[in-house]
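What follows is a single structure, written as structure tokens, with notes after it.
The values are calculated or read from the model by the stated rules, or taken from the named source; none is laboratory data. In this text the structure is predicted, and so the values were computed from the model without any measurement. A quick note on method: Cβ atoms are made from the backbone with ideal geometry, for glycine too, and the neighbour counts reach across all protein chains shown.
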Amino acid sequence: MLKNLGQRIRTLRKEKALTLVEISAKTGIAQATLSRIETGTMIGTVECHEKIAETLGIGLSELYTGVDRRYEQISHQAKEARVATHHTKDVHVEVLTQESSKKKITPILLTLQGGGKTEKEHNERGVEKFVWVIDGHVKVKLENQEYDLKSQETLYFDASFPHQFLNEGQKPAKVFIAVSPSKI
């Protein structure tokens, strides 16, 4: 964020055809400080930012526009764009986001047909899973324990335990699973 803010200030300053010396004279901020802010070695205070924004003829919120990289992490995906990563007659797995390897959490929609079950799996230590049964009834076999989850029930566990999802009923079951960190 430091470099982004500095780059934004430099860009705006150059668009207004102002030098660091001119900005320094108008704001009372040392030229060396302004230079450090622009290069990202220093962030400065909000008070400095306000003075710089005022000198550039903009508001503080406009100065900060585009600086926050969190907006770049927003990922919207239409239902039509989802791709099944695993599909058999009994099991359908969809990853609910794009570029999941770059994410901290992987959201998955698991649909199990009646009598369907997943393969047993286990992840490396440190990987966790959150399971939410959206519709239906699912049994989760977790090493030596079994959990019967009905619609709207959840389960959270260390995914390094061997685990498997089963639908012993006749109707399809839909299960939301979040894996963190992202490991598929």
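I'd like the full set of residues that are touching a residue at least 12 places away in the same chain (Cβ under 8 Å) and surrounded by fewer than 14 Cβ atoms within 10 Å (Cβ to Cβ), limited to the range 27-40.
Within the range 27-40, Gly28, Thr39 qualify.
Check every one of the strands (runs of 3 or more DSSP E) wholly within the range 119-174 and list those with 3 or more residues that are under 16 Å from Ile105 (Cα atoms). Quick ask: steps written out before the conclusion?
Numbers: elements: 128-135, 137-142, 145-150, 154-158, 163-166.
By residue number, 128-135, 154-158.
Among the residues of the range 68-78, is there at least one that is touching a residue at least 12 places away in the same chain (Cβ under 8 Å) and within 18 Å of Gly6 (Cβ to Cβ)? Let's see the steps before the verdict.
Taking the range 68-78 first, the residues touching a residue at least 12 places away in the same chain (Cβ under 8 Å) are 68-69, 75, 77.
Then keep just the ones that are within 18 Å of Gly6 (Cβ to Cβ); that gives 68-69.
Yes, the range 68-78 contains a residue that is touching a residue at least 12 places away in the same chain (Cβ under 8 Å) and within 18 Å of Gly6 (Cβ to Cβ).
If Val133 satisfies all but one of (1) surrounded by 16 or more Cβ atoms within 10 Å (Cβ to Cβ); (2) at pLDDT below 90, what's the number of the condition it fails?
That leaves (2) as the condition not met.
Select from the range 83-99 the residues that are touching an Asp or Glu at 6+ places or on another chain (Cβ under 9 Å), among the aliphatic types (A, V, I, L, M) and touching a residue at least 24 places away in the same chain (Cβ under 8 Å) and list them in ascending order.
Within the range 83-99, just Val91 meets the criteria.
Does Ile105 count as of a type in the set (A, V, I, L, M) and in contact with a Pro (Cβ under 8 Å, 6 or more places away or on another chain)? Even if it seems obvious, please write down each step before you answer.
Working: of a type in the set (A, V, I, L, M): yes; in contact with a Pro (Cβ under 8 Å, 6 or more places away or on another chain): yes.
So Ile105 fits the description; yes.
Considering only the range 137-148, state which residues are surrounded by 16 or more Cβ atoms within 10 Å (Cβ to Cβ) and more than 23 Å from Thr97 (Cβ to Cβ).
Of everything in the range 137-148, those that are surrounded by 16 or more Cβ atoms within 10 Å (Cβ to Cβ) and more than 23 Å from Thr97 (Cβ to Cβ) turn out to be His137, Lys139, Lys141, Leu142.
Out of curiosity, is Lys102 modelled with pLDDT under 95, among the charged types (D, E, K, R) and out of contact with any Asp or Glu (no Cβ under 8 Å at 6 or more places or on another chain)?
Judged against the criteria, Lys102 is a match.
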